[in-house]
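Let me begin by presenting the structure, written as structure tokens, before commenting on it.
The values are calculated or read from the model by the stated rules, or taken from the named source; none is laboratory data. In this text the structure is predicted, and so the values were computed from the model without any measurement. For neighbour counting, all protein chains shown are included, and Cβ atoms are generated from backbone atoms with ideal geometry for every residue, glycine included.
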Amino acid sequence: MSLLRYSLRRLGQAGLVLLLVVVLQFLLLHLAPGDVADVIAGEAQASDPAFIEQLRRDLGLDRPLTVQLGLHMQRLLTLDWGHAHSMDAPVWQLIAERLPGTALLMVSALTLAIVMGVLLGMLAALYARRWADGLISVLALLFYATPGFLVGIGLILVFSVQLQWLPMSGMSSLYGDSPWTLRLIDSAKHLVLPMISLALFYVAIYTRLMRAAMLEVLPMDHVRTARSKGLGRWRVVWHHAARNALLPIVTMAGLQVSSLLGGSVIVETIFGWPGIGRLAFEAVFKRDVPLVMGILLLSSVLVLAISLCVDLIYTRLDPRIRLG
């Protein structure tokens, strides 16, 4: 029951935060100079003021801002996310088509970053102030300091242009009638370079976090007690030290979902990856307000959901935490 009450309370808080986010997004996008009518008129190469005014009336842009906000909230409650004028399609349809690509890229990059960061951080802590620790620290600093777009371009030049081992853009090169095994292998090849480009920055962060957490946990009483019982070194490290050291990793992974989405904009654009990030770039460039707001709303929901999941995972990793 405590878990249920905690979940309901957190859902209520998330709903309030989501409401504030929607209002702020709406106001910020509408405070920018120009509007959708100007964009549509520009694309149609129509400069007639009467035509632009008629467009504003048809789109409801001539109404007060509060009325537009109320209508926008009403549409969201009925799951109507609007129509993307730049692509002449419903917003939800466009997002649903691109969401699997971004989900695959983000989950793969985050998994790679956590696994590599945890392993490298553990090794650096176990061999602290030795050559292995120094080498891992230098690599982490290099990964942290190198911009993601530069990593992506470098990977393309080396593995796609020079060695020709991996494709440089897209999500697949095969058609739908190809065997599923070949399509799976082909998609995996397309995923490798953007996944690495997006993950390396976070590998550096998780490596440093895991190293610091392990150095703090290893001298604790419960770890020394496990060693005194004659347990093997790696069993002590995995079962008694790493579990508590993972807490900051879980926290940081939850907080960085939004930055992963931001990073995916650059990575997806460089590699031509059909995802939400590339769609957001195109929507902002074409000033497609309904599409931009739909992507921002989905991102907000995703971040809030991950935050709730992180809080629940915390209670499993650390038994000292009690749900109030």
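Can you confirm whether L209 is of a type outside the set (D, E) and either without any contact (Cβ under 8 Å) to a residue 60 or more places away in the chain or more than 22 Å from V267 (Cβ to Cβ) (or both)? Judged against the criteria, L209 is a match.
Taking the residues in segment 260-308 that are without any contact (Cβ under 8 Å) to a residue 40 or more places away in the chain and aromatic (F, W, Y) as candidates, determine which candidate is surrounded by the fewest Cβ atoms within 10 Å (Cβ to Cβ). For segment 260-308, the residue satisfying everything is F285.
Here A132 meets the list (1) modelled with pLDDT under 85; (2) surrounded by 13 or more Cβ atoms within 10 Å (Cβ to Cβ) almost entirely, failing just condition (1). Is one or more of the residues making up segment 39-47 in contact with a helix residue (DSSP H, G or I) (Cβ under 8 Å, 6 or more places away or on another chain), at pLDDT 70 or above and either assigned to a helix (DSSP H, G or I) or outside the structural domain of L312 (by TED's automatic domain parsing) (or both)? Taking every residue of segment 39-47 in turn, none turns out to be in contact with a helix residue (DSSP H, G or I) (Cβ under 8 Å, 6 or more places away or on another chain), at pLDDT 70 or above and either assigned to a helix (DSSP H, G or I) or outside the structural domain of L312 (by TED's automatic domain parsing) (or both).
Evaluated against (1) in contact with a helix residue (DSSP H, G or I) (Cβ under 8 Å, 6 or more places away or on another chain); (2) surrounded by fewer than 18 Cβ atoms within 10 Å (Cβ to Cβ); (3) of a type in the set (G, A, S); (4) modelled with pLDDT of 80 or more, A204 falls short on exactly one condition, (2). Looking at the structure I just gave you, is A109 under 21 Å from S169 (Cα atoms), in contact (Cβ under 8 Å) with a residue 12 or more places away in the chain and small (G, A, S)? Considered against the rule, which asks whether it is under 21 Å from S169 (Cα atoms), in contact (Cβ under 8 Å) with a residue 12 or more places away in the chain and small (G, A, S), A109 comes out as yes.
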